[in-house]
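The values are calculated or read from the model by the stated rules, or taken from the named source; none is laboratory data. Source: prediction; values computed, not measured. Here the Cβ positions follow ideal geometry from the backbone for every residue, glycine too, while neighbour counts run over all protein chains shown.
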Amino acid sequence: MLICKVVKPLVSTNRIPDFEHKHLQVVLDGSTKKVAVDAVGCVPGDWVICVGSSAAREAAGSKSYPSDLTIVGIIDHWEPDPPKPPAAPPATPPAPAPAPGGA
Amino acid sequence: MLICKVVKPLVSTNRIPDFEHKHLQVVLDGSTKKVAVDAVGCVPGDWVICVGSSAAREAAGSKSYPSDLTIVGIIDHWEPDPPKPPAAPPATPPAPAPAPGGA
Amino acid sequence: MLICKVVKPLVSTNRIPDFEHKHLQVVLDGSTKKVAVDAVGCVPGDWVICVGSSAAREAAGSKSYPSDLTIVGIIDHWEPDPPKPPAAPPATPPAPAPAPGGA
Amino acid sequence: MLICKVVKPLVSTNRIPDFEHKHLQVVLDGSTKKVAVDAVGCVPGDWVICVGSSAAREAAGSKSYPSDLTIVGIIDHWEPDPPKPPAAPPATPPAPAPAPGGA
Amino acid sequence: MLICKVVKPLVSTNRIPDFEHKHLQVVLDGSTKKVAVDAVGCVPGDWVICVGSSAAREAAGSKSYPSDLTIVGIIDHWEPDPPKPPAAPPATPPAPAPAPGGA
């Protein structure tokens, strides 16, 4: 299962009927936004457990539910990893010794 | 589910019979082009929800439909993330200062 | 479904019996080589649609066929994206004026 | 199957009922944290085999169990690969050649 | 299917019973080590075809076998791609041409 952060609900008026009666949430999986079916009732900011693969179908309520990502639990406490620093930012160069040209 | 942008329809004259009666769309998943079965009737430029895994089959109409990616909804409003800047383009270098004074 | 390019047939003498009667093709998915079961009769150089996940089984002929990637269609016309340039080659700087006139 | 390292148990009070009676573990797959259902009884620090896809369901006990990642074995001895060095630190540049003639 | 290289057998004394009677092999998928169920009888150094997804179960012998990666064939001849060079070592710049004629 993935550990994701809930971003916000997603509105899709034109969608297939099988999909209609459940809330969809935009979730952040690492730095990628995905859409998950909400089976627990979460709110933006929650850290949640998302199940994928064929298990997402039954987790969303029935074997024929068309989900490949379903929120199945809210994590009580989660400390995300600190974001990785951008690729080797050249450390601030040492301040240039006395400013150019006698200034 | 993935959030993709519809690029254009895909024409494939020589394909397996099970596939034949549905529209195929080229979609952009991040920067990767994939092919999805269109179950909602979308047009190029639409931001859509694509379901993968085994759920893509039933979402396309039946348990035996050979899809692993099906468009199941059109997103009402979607603001894509700004593209990431290319790997640290060296910002315009500061105008060369006069060479360090006589150094 | 993935958009792949057919590279060449793959020969595997020692393989499981369930596999035996279909052609296997090496395909290029981006820059990664994979093996797909050929359900349409393609040749090296063709751009094809490959279906994965559980749908690859029925697409290959039966529910119990052990495929996770099956070629299900040949794309009529496909213009691959140009290969990405290596990380931001500093474009050739504009030729310094003087304008060609004086050359 | 994936080779993962067990990090710690995960507590999720609000989760779907189908999930409730098994231990969940945070595992490290490369540098990504995921959640797996524990079917063998492992402890933090163990190197384990995790099965995904639809096989994760039955491996967790039943066809309808909503898991897409299940710990199915503890590896007796595992020597992880050394971490990769950061991207190719530019080897010490060759000593600067004398500047092009008088420029 | 993936093209992998067999590294060595994997020993896991504490594993789920459903798993017990088949050999497990550590395989190299690109630069990532994974575990696959051996359905053909391969040895370290072999290049093999590995099937994933739900097809891995039946390929391993039965619909309920808990595998998500099964070795289904040994490739007769395989020439791996040469390893990629580290990220674009800046080729030695061409010797600076004499500045464009007198410009």
ask   = What number of residues within segment C:55-85 are among the small types (Gly, Ala, Ser) and more than 17 Å from C:Asp29 (Cβ to Cβ)?
value = 4
request  = May I ask you to say which residue of C:Gly52, C:Gly30 is among the small types (Gly, Ala, Ser), over 19 Å from B:Thr13 (Cα atoms) and either within 9 Å of chain E (Cβ to nearest Cβ) or buried (at least 20 other Cβ atoms within 10 Å of the Cβ) (or both)?
outcome  = C:Gly52
ask   = Of all residues in segment C:33-46, how many are under 25 Å from B:Val51 (Cβ atoms) and surrounded by 20 or more Cβ atoms within 10 Å (Cβ to Cβ)?
value = 4
message = Criterion first (surrounded by fewer than 24 Cβ atoms within 10 Å (Cβ to Cβ) and either away from chain E (no Cβ under 12 Å) or β-branched (Val, Ile, Thr) (or both)) does D:Pro66 satisfy it?
response = no
key: Filter result for D:Val43 (more than 11 Å from chain E (Cβ to nearest Cβ), within 30 Å of A:Pro83 (Cα to Cα) and touching a Phe, Trp or Tyr at 6+ places or on another chain (Cβ under 9 Å))   = no
request  = Scan segment D:15-29 for residues that are at pLDDT 95 or above and not charged (D, E, K, R) and report the count.
outcome  = 5
ask   = Which of the residues belonging to segment C:8-26 are surrounded by 15 or more Cβ atoms within 10 Å (Cβ to Cβ) and under 15 Å from E:Trp78 (Cβ atoms)?
value = C:Leu10, C:Ser12, C:Arg15, C:Leu24, C:Gln25, C:Val26
remark   = Scanning segment B:8-27 for residues that are assigned to a strand (DSSP E or B) and either more than 7 Å from chain C (Cβ to nearest Cβ) or within 20 Å of A:Leu24 (Cβ to Cβ) (or both) gives B:Lys8, B:Pro9, B:Leu24, B:Gln25, B:Val26, B:Val27
task = Scan segment D:9-31 residue by residue and report those that are under 16 Å from D:Ala56 (Cβ atoms) and among the polar types (S, T, N, Q).
result = D:Gln25
